[in-house]
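Values quoted throughout were computed directly from the atomic coordinates according to the rules given, and no laboratory measurement underlies them. In this text, all values refer to a predicted model and were calculated from it rather than measured experimentally. All Cβ positions, even for glycine, are placed from backbone atoms using ideal geometry, and neighbour counts span all protein chains on display.
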Amino acid sequence: MSAAGFTAADLAERCDVDAKTVERWVSRGRVPHPRSRVRAAQVLSKDVSMLWPDIIRRAAKLGTDRELVGMYPRRADLPRSIFREAIARAESRLWFGGYTSYFVWLEVPDGAAVLGAKAKAGVDVRFLLGDPDSPVTAERDRLEATPLTLATRIAMTRAEISKVDAGVPVRLSDRHIAMSVWIFDDEAIVATHIGAGLGQDSVTLHLRRAQDGGVFDRYVEHFESLWSDGSPADSQS
């Protein structure tokens, strides 16, 4: 924009939007509406594909990768708001398939109240947690060698769940020790452990359902299988 001799106010006037909107395009990476994209490209004498290449790449996805929204080398690289916003959008299901899902309570302010409201509104809220007494859990703790053990993090999550003023089923399993799946309606976050790294070090995918029998559906089937085989957790007061 500046290379073409335009200020945000100049471009806003030519595109019939306000200057703050243009500033969000530039500073926050917001993508304009199609009409504004075309108009801005005309004003700047650039191709839309040069100004917003991600739009073209997303539009060109026709194969199995079209459900892939984002890919991150570590779960810690996810936008901090992604879980909070996905939970807020959910209208039918919130399935937490992390071994501890401990970090969720750090990312979502008033998590118990939020999940309670969702459950009361008819959303299917459930937690598949790791089995704190399993030898698999003990071995993973040995590898991670951190003071905050998996069993402790699982207990902390269960303590938070107990604050939810609506029935939230919890089941335990040790089969998802190396891969966590969180499902929010037709979106999913999948994190796969590498080596002895912590959960936050896991390679992470953000998926959105776009077809029958696709990658998203496979992960839903995976969660459902684990849930069916999981042991109902004893209630906590």
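Sites listed here are GluC sites (Glu not before Pro) in region 65-127 whose DSSP assignment is loop and whose Cβ has at most 16 other Cβ atoms within 10 Å: GLU91. Each residue in ASP165, ASP234, ASP10 was given a count of other beta-carbon atoms within 10 angstrom of its own, and listing them fewest first yields ASP234, ASP165, ASP10.
What angle do you read, to the nearest 10 degrees and between 0 and 90, between the alpha-carbon axis of helix 135-144 and the longest principal axis of the chain? That works out to roughly 50 degrees. Dipole size of region 64-232 about its Cα centre, with +1 on Lys/Arg Cβ and -1 on Asp/Glu Cβ: approximately 300 debye, rounded to the nearest 20. Counting neighbouring Cβ atoms within 10 Å and putting the fewest first, the residues ASP124, ASP174 line up as ASP124, ASP174. With K and R counted +1 and D and E -1, the other residues having a Cβ less than 11 Å from that of PHE103 yield a net charge of +2.
The residues packed around ARG158, meaning those with a beta-carbon under 14 Å from its beta-carbon, carry a net charge of 0 if Lys and Arg are +1 and Asp and Glu are -1.
Pick out, from ALA210, CYS15, THR157, the residue whose Cα sits farthest towards the positive end of the charge dipole of the chain, with +1 on the Cβ of Lys and Arg and -1 on the Cβ of Asp and Glu. Positive-most Cα among the choices belongs to CYS15.
Placing unit charges on each Cβ (+1 for Lys and Arg, -1 for Asp and Glu) gives the chain a dipole about its Cα centre, and among PRO232, GLY199, PRO32 the Cα reaching farthest toward its positive end belongs to PRO32. When you restrict to C-alpha pairs under 8 Å that are six or more residues apart and normalise by the size of region 64-232, the relative contact order lands at 32 percent. What percent of all Cα-Cα pairs in the chain falls into each 5 Å bin, going from 0 up to the bin containing the maximum distance? Spelled out bin by bin, the chain gives 1, 6, 12, 15, 15, 13, 10, 8, 7, 5, 4, 2, 1, 0 percent.
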